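A.B. asks: I am attaching a structure below and will ask some questions about it afterwards.
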Amino acid sequence: MTTPMPIARFLDAYPVCILVTVIEAKGSTPREEGAFMLVSQSECWGTIGGGQLEFVAIDNARALLTGGGQPQLDIPLGPEIGQCCGGRTALSFTSVTPAVRAELEARLAAESEAFPTVMLFGAGHVGQALATALAPLPFRVTVVETRADALIDLPENVTARHVAMPEALVKDLASSSAVIILTHDHALDFLIAREALARDDLAYIGMIGSATKRATFKSWLARETEGAVTTDRLILPIGGTQVRDKRPAVIAALVAAELLTVYGRGLERTPKE
């Protein structure tokens, strides 16, 4: 699985392009107001929903690049274009100038800053797979490891941190962050989980493992904290129990779904006023 090309790299490679923006969405539509894509003569970045709507938009954008096309389109999503959404989507088409590029990059940077923080402790097979699964999603992902060589080849937009004491990072996480524990050392897993469970403001605390590991950790935590910290909020095993496939990519997909469910509507793009 590859992660999307950063917008800056796309614009460096294809500086002559058109910004296609959903300026109005009525009824049932594939994307919301504010969604956008970039169209050059040969490539596209992003999506306004796919299907025939997007084909029409791409054709119009490329016509604009050669002196034709329309600056706006109001498209009914019905039989006339081979879609059955039933709504209408209005699109604007703007040439990408340096000012437009700066505005786009600033907008995406601001959106990214508002994404929930997900800190993955451990970059083994599952950690790597989960970093890859989360990279295209609306999260700010950091992978923490005690082994420097395990942090090689992470997705471009994932932050890598090589530290000697991973558990010390938990206290500095922003409220509503997620902690996912997948290290190569059960003792280290337990130390990180104890720090995370001692906080009451984290949105998700998960650990890879089994029912036996959960029971062992519960006993250790009760003894170490004299019952002050419990495992009530700990997701262990991560990914649920309905799917028993233990391949890293499958576990990663299941955990990504758990996180999307936890954060829910807060991850939706805010429509432009």
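A.B. asks: Considering only residues of region 3-22 that are touching a residue at least 60 places away in the same chain (Cβ under 8 Å) and in a helix (DSSP H, G or I), which is nearest to the chain's Cα centre (by Cα)?
C.D. replies: I7
A.B. asks: Okay, moving on. For residues in region 174-203 being surrounded by 19 or more Cβ atoms within 10 Å (Cβ to Cβ) and assigned to a loop (DSSP other than H, G, I, E, B), which is nearest to the chain's Cα centre (by Cα)?
C.D. replies: By that ranking, first place goes to S177.
A.B. asks: Out of the residues in region 229-245 that are modelled with pLDDT of 90 or more and surrounded by fewer than 16 Cβ atoms within 10 Å (Cβ to Cβ), which is farthest from the chain's Cα centre (by Cα)?
C.D. replies: Ranking the candidates gives T230 first.
A.B. asks: Suppose we keep only residues that are of a type in the set (S, T, N, Q) and part of a helix (DSSP H, G or I) within region 124-157. Which one would you say is surrounded by the fewest Cβ atoms within 10 Å (Cβ to Cβ)?
C.D. replies: Start the filter on region 124-157 by keeping residues that are of a type in the set (S, T, N, Q), which leaves 128, 132, 142, 146, 157.
Filter again for part of a helix (DSSP H, G or I), leaving 128, 132.
On the way: Q128: 24, T132: 21.
The selected residue is T132.
A.B. asks: Can I ask one more? Quick check on this structure: which one of T159, T146, T212 is of a type in the set (S, T, N, Q) and either touching a residue at least 60 places away in the same chain (Cβ under 8 Å) or touching a helix residue (DSSP H, G or I) at 6+ places or on another chain (Cβ under 9 Å) (or both)?
C.D. replies: Of the residues listed, the single one that is of a type in the set (S, T, N, Q) and either touching a residue at least 60 places away in the same chain (Cβ under 8 Å) or touching a helix residue (DSSP H, G or I) at 6+ places or on another chain (Cβ under 9 Å) (or both) is T146.
A.B. asks: Restricting to region 39-70, name every residue that is assigned to a helix (DSSP H, G or I) and either of a type outside the set (G, A, S) or touching a Leu at 6+ places or on another chain (Cβ under 8 Å) (or both). Outline the logic, then answer.
C.D. replies: Just the residues of region 39-70 that are assigned to a helix (DSSP H, G or I), to begin with: 51-65.
Matches in region 39-70: Q52, L53, E54, F55, V56, A57, I58, D59, N60, R62, L64, L65.
A.B. asks: Right, another one. Hey, among T241, T261, T212, T216, which residue is hydroxyl-bearing (S, T, Y) and part of a loop (DSSP other than H, G, I, E, B)?
C.D. replies: T241
A.B. asks: If you go through region 36-68, how many residues are closer than 17 Å to E103 by Cα and in contact with a Gly (Cβ under 7 Å, 6 or more places away or on another chain)?
C.D. replies: 3
A.B. asks: OK, next. Condition (residue is free of Cβ contacts under 8 Å to residues at least 24 places away in the same chain and surrounded by 14 or more Cβ atoms within 10 Å (Cβ to Cβ)) applied to region 110-123: is it met by at least one residue?
C.D. replies: no
A.B. asks: Would you mind telling me which numbered condition in (1) outside the structural domain of A187 (by TED's automatic domain parsing); (2) outside any strand (DSSP E or B) S92 fails?
C.D. replies: The failed condition is (2).
A.B. asks: While we're here: Could you grab me the full set of residues in region 4-41 that are crowded, with 17+ Cβ neighbours inside 10 Å and closer than 20 Å to L137 by Cα?
C.D. replies: Once the filter is applied, which keeps residues that are crowded, with 17+ Cβ neighbours inside 10 Å and closer than 20 Å to L137 by Cα, region 4-41 yields I7, F10, P30, R31, E33, A35, F36, M37, L38.
The values are calculated or read from the model by the stated rules, or taken from the named source; none is laboratory data. It should be emphasised that the depicted structure is a prediction, and the values quoted were computed from it without experimental measurement. Ideal geometry is used to build each Cβ from the backbone, glycine not excepted, and the neighbour counts take in all protein chains shown.
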